[in-house]
Amino acid sequence: MKIETIAIHAGNSIDEHTKAAIQPITLSTTFERGEDGEYPGGYVYSRADNPNRKSLENVIGQLEGAESAAAFSSGNAAGAAVFQALGPGVHIIAPDDMYHGLRNQLLQVFHGIIEVDFIDLSDLESVKKVIRHNTKLIWIETPSNPLLKICDIQSLVKIAKDNGIVVVCDNTFSTPMLQRPLELGCDMVMHSTTKYLGGHSDVIGGALATLKDDDFWKKIRNVQVLSGAVPAPFDCYMTVRGIKTLPYRMRAHTENAMQIANFLNAHDGVEKVYYPGLSDHQGHEIAKKQMSSFGGMLSFLVKGGSDEARKLVNSVKIFTQATSLGGVESLIEHRASVEGPETKTPQNLIRVSVGLENPSDLIDDLKHALSMIA
């Protein structure tokens, strides 16, 4: 099946009793045991497994071309499952502008348990230099958040394989519609399903998909079940529902983002635009090689500093000033304010999640906001 068909059908099944065309939500926490002590329905307890979670995991696995997938209560919970499965005393390599939620998790929750180097993954020589005898994981985020850096997945995979290191790629920004990390050699893919997969800013979730159902994956599955950081049946249902329109939403997100990036790139009030679809983006050629299109996320630097950036995000009318991304509505934020005093993000950087509104309306809104700080 083509990916549009998978998105609609892989997470759904006809209800065998009512013949409902859309799979119902199974809220039961427990399931009946047969006289022989077995569970004829295949389910025991919803922390361990649930029909709606199985449907979500099935569609994500098929979309990513994975052997197996696991759903979690958030993207951070999915990341934590990987880190927990590694065990104590290991070293990992992560992007220098890694998503701040996972960065803080590594620095705070896993402090004293996991050693980490945050480096520019687009610099392959720097990656090689920080590899240690106990390096077990390279965590890729491309395009990165919020600087939209691009790293060469296949080159990083080669370095990792030469050193017996697992590679996990955060594919939240791109989704399997635009980038196929497992096909490029990664061992595992991570998603915050809260974002594009859910697509409507109304359900929190995370997921992992693996190329191979190996021993490391079994450890992650064990963490999922025993730690209990699993999504509720309703959350799974809502995410499956969102995924059905994912291929078509991503096309529109990308088309709108390209128009806005071109507008900002030509505006006198903008210092720099970070969008891999622009030919002057540092990672443009690599992005063309490993992505089918460039996504709906971009960042830009306004001329000035924090005050000018804050004024701009307070002057828009259609964009919503809010954290998160990937919904049908366009969001804008002064990213350094969100990340706090320890942020490495430039104070004049604004991150934009381009939604599905008419792009001319979005451009007019930005044009007005930029005129307020001229």
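The values are calculated or read from the model by the stated rules, or taken from the named source; none is laboratory data. All values derive from a computational prediction rather than experimental measurement. All Cβ positions, even for glycine, are placed from backbone atoms using ideal geometry, and neighbour counts span all protein chains on display. Accessible surface areas use protein heavy atoms only, side chains included; no ligands, DNA or RNA. Shrake-Rupley method; radii C 1.70, N 1.55, O 1.52, S 1.80 Å.
Restricting to segment 320-330, what's the tally of residues that are in contact (Cβ under 8 Å) with a residue 24 or more places away in the chain, open to solvent by 10 Å² or more (accessible area, probe 1.4 Å) and either of a type in the set (Gly, Ala, Ser) or not in a loop (DSSP other than H, G, I, E, B) (or both)?
1
Given the criterion of a type in the set (A, V, I, L, M, F, W, C), in contact (Cβ under 8 Å) with a residue 40 or more places away in the chain, in contact with a strand residue (DSSP E or B) (Cβ under 8 Å, 6 or more places away or on another chain) and closer than 14 Å to ARG221 by Cα, identify the matching residue among ALA66, ALA77, ALA48. After applying the criteria, what remains is ALA77.
Of all the numbered requirements in (1) in contact with an Asp or Glu (Cβ under 6 Å, 6 or more places away or on another chain); (2) farther than 27 Å from ARG351 by Cβ; (3) not small (Gly, Ala, Ser), ILE119 misses one, and that requirement is (2).
crowded, with 21+ Cβ neighbours inside 10 Å and hydrophobic (A, V, I, L, M, F, W, C): is that true of PHE83 in this structure? Step through it out loud before you land on a result.
Details: crowded, with 21+ Cβ neighbours inside 10 Å: yes; hydrophobic (A, V, I, L, M, F, W, C): yes.
Answer is yes for this residue.
Taken together, ILE153, ILE138, ILE119, ILE159 contain a single residue that is within 20 Å of the chain's Cα centre (by Cα), aliphatic (A, V, I, L, M) and surrounded by fewer than 24 Cβ atoms within 10 Å (Cβ to Cβ), which is ILE119.
Within segment 105-122, which residues are of a type outside the set (Val, Ile, Thr) and in contact with a helix residue (DSSP H, G or I) (Cβ under 9 Å, 6 or more places away or on another chain)? Before the answer, list the steps.
The initial filter retains those residues of segment 105-122 that are of a type outside the set (Val, Ile, Thr), namely 105-108, 110-112, 115, 117-118, 120-122.
Listed by number, the residues that qualify are GLN105, LEU106, PHE110, ASP117, PHE118, ASP120, LEU121, SER122.
Considering the conditions (1) under 22 Å from ARG221 (Cα atoms); (2) free of Cβ contacts under 8 Å to residues at least 60 places away in the same chain; (3) not β-branched (Val, Ile, Thr), HIS133 is excluded by exactly one of them, (1).
Which ones in segment 348-365 are within 17 Å of VAL273 (Cβ to Cβ) and either at pLDDT below 95 or part of a loop (DSSP other than H, G, I, E, B) (or both)? Matches in segment 348-365: ASN348, VAL354. Scanning segment 336-374 for residues that are more than 27 Å from the chain's Cα centre (by Cα) and within 16 Å of SER306 (Cα to Cα) gives ALA369, LEU370, MET372, ILE373, ALA374. Looking at ARG310, ARG335, just one residue is in contact with a strand residue (DSSP E or B) (Cβ under 8 Å, 6 or more places away or on another chain) and open to solvent by less than 60 Å² (accessible area, probe 1.4 Å), and that residue is ARG335. Cβ separations smaller than 8 Å between residues 6+ apart or across chains give the following pairs from segment 353-367 residues that are in contact (Cβ under 8 Å) with a residue 24 or more places away in the chain to residues that are buried (at least 16 other Cβ atoms within 10 Å of the Cβ) and aromatic (Phe, Trp, Tyr): LEU362/PHE319; ILE363/PHE263; ASP365/PHE319; LEU366/PHE263; LEU366/PHE319; LYS367/PHE263.
Yes or no, residue by residue, for (1) in contact with a Cys (Cβ under 7 Å, 6 or more places away or on another chain); (2) among the small types (Gly, Ala, Ser); (3) outside any loop (DSSP other than H, G, I, E, B):
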{"residue": "ILE92", "(1), (2), (3)": "no, no, yes"}
{"residue": "GLY112", "(1), (2), (3)": "no, yes, no"}
{"residue": "GLU115", "(1), (2), (3)": "no, no, yes"}
{"residue": "SER122", "(1), (2), (3)": "yes, yes, no"}
{"residue": "SER126", "(1), (2), (3)": "no, yes, yes"}
{"residue": "LYS129", "(1), (2), (3)": "no, no, yes"}
{"residue": "HIS133", "(1), (2), (3)": "no, no, no"}
{"residue": "LEU137", "(1), (2), (3)": "no, no, yes"}
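Taking residues in segment 176-205 that are basic (Lys, Arg), and partners anywhere that are assigned to a loop (DSSP other than H, G, I, E, B), the pairs with Cβ atoms closer than 6 Å and at least 6 places apart or on different chains are LYS195/THR172; LYS195/LEU325; LYS195/GLY326.
Taken as a whole, segment 164-171 holds at least one residue that is in contact with a Lys or Arg (Cβ under 9 Å, 6 or more places away or on another chain), assigned to a loop (DSSP other than H, G, I, E, B) and surrounded by fewer than 17 Cβ atoms within 10 Å (Cβ to Cβ).
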